[in-house]
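The values are calculated or read from the model by the stated rules, or taken from the named source; none is laboratory data. Note that the structure is predicted; figures quoted are calculated from it, not measured. Keep in mind that these areas ignore ligands, DNA and RNA; they rest on the heavy atoms of the full protein, side chains included. Shrake-Rupley method; radii C 1.70, N 1.55, O 1.52, S 1.80 Å.
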Amino acid sequence: MIAAIVPVKSLAASKSRLLPALDRASLERLSVAMLEDVVDALLGVASLDRVAVVTPDPQVAAAMRTSSAEVLLRDVAGLNPSIDAAADELAREPGDATLVVLGDVAGARSDELGQLVEACEEPGVALAPSSDGGTSALLRRPARVIPSGFGPDSAARHRALASAAGVPFTEIALASLAVDVDERDDLLKLANLPFVGARTRALLTQLLPELAP
């Protein structure tokens, strides 16, 4: 069994580095639109058995009610502890795997996510890096073969964790997973991708005038 986990912060605390460019209401709308597009891409991956959004925010949970994804409304402090707690909850058998995809990788395509899943041996780790050295998606077989190490420069951290655990590590540069949104320039990069999710693209069309220099 392979479960996808999409971790999402509280909307009130999301994307604070974008506040000079967008107001809080716009940021919250953008966070939800990106999440919905990421979830849609994951639901299109045939090799995934479950897709779950883990969040402490009831607003996020409410936004996902019409989706086929599961929602884990859990108040676990910290991104990595919340991911690993969700992995423990979803991966019930020793060989179960998890695919973690950040909720702001709104260019994600189902075929490239599937490619990442197929690239991972058992036991092993497969990673799709973001353009800034972070981790956009992480596949672990089994689910806790290494701990989560998301954050700045996390691609190198996950590589080191796999090495320390003595398990195979595969890193694949996938165009649709290269841009995660942290700063103003990331929004411009995302808007120029040919495969941005429909909800995110529609919202960016409205918001981009606010991003003019």
Extension gain, Ala61 back to Asp185 (0.36 nm per residue minus Cα-Cα distance, nm)
41.8 nm
With a 1.4 angstrom probe the carbon and sulfur portion of accessible area for the chain, in percent, totals 53 percent
Calculate the radius of gyration of the Cα atoms of the range 109-183 to one decimal place, then report Dmax, the largest Cα-Cα distance, as a whole number, both in Å.
11.5, 36
Excluding ligands, DNA and RNA, what is the solvent-accessible area per residue of the range 100-213 at a probe of 1.4 Å, expressed in Å²?
42 Å²
